[in-house]
C-alpha cells in the first residue's frame with residue numbers, strides 16, 4: 001500500500017527587503033481608572049465613513065504605509081507564485097458546484113441560476129415549467145461591468161412574475177442599491193439607494209418592503225415603496241431604536257405575511273404585515289425578552305414558532321394564534337429534547353419539516369399537519385452536513401435536501417413527503433470524479449482545560465502515515481452561536497493531497513453542542529473558546545495527527561480573534577497563522593460606539609465602556625493588546641479598506657505590533673485589498689486566487705511532498 005509522508009526541511013534564509021516599520025505614536029486610552037497604551041492608533045482613519053465609500057479618501061500617510069505592506073508581502077510571497085497558480089487551477093478544476101442551481105418551480109416558471117464557463121458572476125434565469133426556451137433575467141457580468149466590485153445581495157421576482165427586484169453593492173461596504181426591473185421591457189422602474197439588501201414583495205406586485213441603512217451602515221428602518229414612484233414618497237413602516245439590533249425583512253413561506261425581524265444574537269422580536277394589505281400596521285408576535293430567540297412561519301389560521309422559550313435551550317416548535325403579543329397562548333407541537341437541537345424548520349401546506357442535530361449526526365423529521373404523524377427521512381450514511389430548502393412554493397409536498405461530509409461531495413435530493421421517498425437530482429461534478437475512499441473523515445473529542453470534550457472534525461488521506469510528521473491546517477471560529485460547517489469543500493483537497501490533515505475545531509461560542517455550547521463561549525466565556533482551540537491543537541499533536549510546531553492556524557473574522565489570541569498564548573505551538581479580516585483590535589473597537597457594528601457586539605463580548613469587569617476581561621485576551629516579546633511564527637493577515645465589519649486598521653495595527661515585538665526573523669505579512677469588503681473579492685477568479693494564496697503560504701511553510 002502506498003503511503004504518504006510529510007517532511008520538513010530547513011529552508012535557506014534569503015536576503016529579505018526591509019519590512020515596513022510603522023512609527024509609534026502612543027495614545028493613552030483610559031477607562032475605569034486603567035491606562036492602555038495604543039502605539040499605532042494613528043493607522044485608524046478619521047474619515048472611515050468616506051473611506052468605506054471611496055478608498056481614495058484615505059489619508060496619504062496611511063495609504064503609503066499600507067501600500068508598503070502590500071509591496072513587502074508581494075515580495076515575500078513571490079517565490080510561491082507558481083504553486084499559487086497551480087493551486088488555483090486545481091480549485092477551479094475541482095469546483096464542486098455545477099454551472100448554477102437546480103430549477104426551483106414557482107407557478108408557470110422554473111427559476112434557476114447559471115454560471116457560464118467564462119463568466120465571473122452568475123446569471124439568473126427562468127424557463128417555462130411546461131417546457132420552452134431559457135430567458136436570462138439578470139446577468140451578473142453585465143451588472144458588474146466597469147465596477148471594481150460587485151455583490152448581488154438577492155434577486156426576487158414579483159408574485160405576478162412580471163418584475164424583478166435585485167440589490168447590488170459596487171464598493172464592498174454593504175450599502176446596496178435596490179432596483180426594480182420590468183421583465184418584459186427591461187426598463188428600470190425604481191432605484192432606491194442605501195439599503196441593506198433585504199427586501200420583500202407584497203402580494204400586489206406593486207409594493208416592496210426594504211431595509212434602509214443609516215450613515216453608520218446600521219439597518220434600523222423598514223420602508224415601503226410603491227413601484228414607479230419616487231423614493232421620496234416611501235413610507236416608514238418600522239424603526240428599531242436600539243442600535244444593538246439589526247432589522248431584516250422577508251416573507252413567510254406561505255406568502256401570507258411580510259416578516260420584519262429585529263435580532264441581536266440573544267433576543268428576537270418579530271413583526272408581521274399582511275402581504276395582501278401592504279398599508280396595514282405591523283403586528284408584533286412576541287415582545288423582546290433578553291435570552292428569548294424565535295422565528296415565525298405561518299400555516300392556516302396559526303403561526304408556527306421555533307423558539308427557545310420555556311427553558312428549551314435546544315429549541316421547540318409551538319403553534320400560536322395570529323394575534324399580537326399572544327405568546328401566552330402558544331401550545332407545544334414538538335417538545336424540546338436534550339441532545340436534539342432543532343437546527344432548522346420548513347413549513348409547507350401539508351407538512352412541517354425540521355432538521356435536528358444530534359451527537360450521532362443530523363436527522364430530518366417530517367410531520368403531517370392533518371394527523372400529526374411523523375416520519376424520519378432516511379439519509380445517506382456518514383453525511384455530517386444536511387440542509388433542507390423549501391423553495392418558492394408553499395402548496396407542495398417536495399422538500400429539497402442536500403447532504404455532504406468533508407470527504408463526500410454534495411448530493412441534492414428532491415424528497416416527496418407524501419410518498420416518503422426521494423429522487424436524486426444532482427451529485428456534483430466533483431462527486432463523479434472523486435474517489436471518496438481515498439479520504440477519511442473523523443470526529444474526535446479533545447479534553448479542554450476544564451475537562452469538557454471539544455468536538456473536532458478531521459479530513460486526511462486514507463494512506464497518510466499518522467506518525468506526527470503531518471502538518472495540520474486547523475480552522476476555528478467560535479462566536480455568535482455559528483457552527484463550523486462540516487460540509488464538503490473541494491478546495492481543501494489541495495492541502496490534503498499534499499499531506500495535510502485538515503481540522504475543524506468546534507470550540508465553545510459556536511452551537512455544535514447546542515445553545516449551552518454557545519453560552520459557554522460568549523461574553524465572560526470568550527477566554528474559554530481560546531483555551532478550547534489551544535487544547536484541540538495540543539490534543540492532535542499528542543495523538544500524533546501532527547506535532548507541536550507543525551500547525552497552521554486559520555481563522556476568519558471572529559475566528560481571527562480566536563487564532564490570534566491562541567497565538568499569543570502559545571506561539572511555539574504553531575507553524576504559522578493565517579488571519580482573514582481578523583477581529584483583533586477587540587478592546588478599542590468595542591470602546592467606539594460610533595462604529596457600525598459595535599453596539600451589536602456588546603451582547604456577544606461585553607461592553608467595556610460601561611463595565612469595568614468587561615473592560616478588564618477583554619483587555620486580558622484582546623490579541624492586539626497581548627502581543628508580547630516572543631518568537632512568533634510566520635503570519636499572513638488580510639484586510640480590506642471597504643470592510644465595515646472588521647475595519648482595515650485592526651489587522652494593520654496588529655501586524656505592526658507583531659513585527660515590533662517578535663523576537664524571531666519570521667515574516668509577518670499584511671495584504672490590504674482596495675475593494676472587496678468583509679467577504680473578500682467578488683469575482684470567481686479573484687476569490688479562487690485569494691484562497692490559493694493562503695494555501696500556498698501554508699504549504700510553503702510545511703514544505704510537504706507527496707511520495
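No lab work stands behind these numbers, since they all come straight from the coordinates. From a predicted model like this one, the values you see are computed outputs, not experimental measurements. Positions of Cβ are backbone-derived with ideal geometry, glycine not excepted, and every protein chain shown enters the neighbour counts.
At a threshold of 8 angstrom on Cα-Cα distance, excluding pairs fewer than six apart, so keeping six or more, what relative contact order does segment 110-236 reach in percent?
13
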Exercise for review: Report, in deg cm²/dmol and to the nearest 500, the calculated mean residue ellipticity at 222 nm for the chain, where each DSSP H run with n ≥ 4 adds -39500 (n - 2.57) and the sum is divided by the residue count.
Suggested key: -6000 deg cm²/dmol
Revision key, fill the gap. Quick calc, residue 438 & residue 482: beta-carbon distance into FRET formula, R0 30 Å, rounding 0.05, result 0.50
Exercise for review: Express in whole angstrom the spacing between the alpha-carbon centres of segment 154-172 and segment 640-707.
Suggested key: 33
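Between residue 78 and residue 524, 0.36 nm times their residue separation minus their Cα-Cα distance comes to what? Walk me through the intermediate numbers first.
Working: separation 446, 0.36 × 446 = 160.56 nm, distance 4.24 nm.
That pair, residue 78 and residue 524, stretches by 156.3 nm at full extension.
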Exercise for review: Calculate how steeply helix 526-542 sits against the longest principal axis of the alpha-carbon atoms of the chain, using the helix alpha-carbon long axis, and give the answer as 0 to 90 degrees to the nearest 10.
Suggested key: 60
Study note, to complete from the structure: Placing each pseudo-label 7 Å from Cα in the direction of the beta carbon, residue 548 and residue 61 end up separated by a distance in nanometres of 4.3
Review point. DSSP beta bridges in the chain, what fraction antiparallel, as a percent rounded to 5?
Key: 80
Exercise for review: Compute the long axis of helix 60-77 from its Cα atoms, compare it with the longest principal axis of the Cα atoms of the chain, and write down the angle in degrees, 0 to 90, nearest 10.
Suggested key: 70
**Study point:** Relative contact order (%) - the chain, alpha-carbon pairs under 8 angstrom, separation at least six
**Key:** 12
Study note, to complete from the structure: Note: probe point = Cα of residue 350 + 7 Å toward Cβ; backbone nitrogen < 14 Å; residues of segment 372-398 passing the test are 372-373, 394-398
Review point. What is the fewest-to-most order of 376, 185 by other Cβ atoms lying within 10 Å of their Cβ?
Key: 185, 376
Check your understanding: Using the Cα gyration tensor of segment 80-128, with a ≥ b ≥ c the square roots of its eigenvalues, what is the shape: rounded (a/c below 1.5), prolate (a/b larger than b/c) or oblate (neither)?
Key -> prolate
**Study point:** Computed FRET value (nearest 0.05) for residue 106 with residue 191, which takes r as the C-beta separation and R₀ as 25 Å
**Key:** 0.50
Review point. What FRET efficiency do you get for residue 628 and residue 313 if R0 is 56 Å and r is their Cβ-Cβ distance, rounded to the nearest 0.05?
Key: 0.90
Revision key, fill the gap. Row for segment 413-512, column shape: gyration tensor on C-alpha, a ≥ b ≥ c, rounded if a/c < 1.5 i.e. under 1.5, prolate if a/b over b/c, else oblate; value oblate
Review point. What is the Cα centroid distance between segment 16-44 and segment 85-126, reported in whole angstrom?
Key: 46
**Study point:** Euclidean distance between Cα centres, segment 177-251 to segment 362-379, Å
**Key:** 37
Review point. Does segment 488-590 come out rounded, prolate or oblate by the C-alpha gyration tensor, with a ≥ b ≥ c the root eigenvalues, rounded set by a/c under 1.5 and, if not, prolate when a/b is larger than b/c and oblate if not?
Key: prolate
Check your understanding: Out of (1) 53; (2) 43; (3) 49, which label holds the value of percent of Cα pairs over 36 Å apart that was computed here?
Key -> (2)
**Study point:** Ranked list, fewest to most other Cβ atoms within 10 Å of each Cβ, for 532, 141, 246
**Key:** 141, 246, 532
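Sorting 305, 235 on the 10 Å Cβ count, fewest up front, what's the list? Write out the running numbers ahead of the final one.
Values: 305 22, 235 13.
Starting with the residue having the fewest Cβ neighbours, the order is 235, 305.
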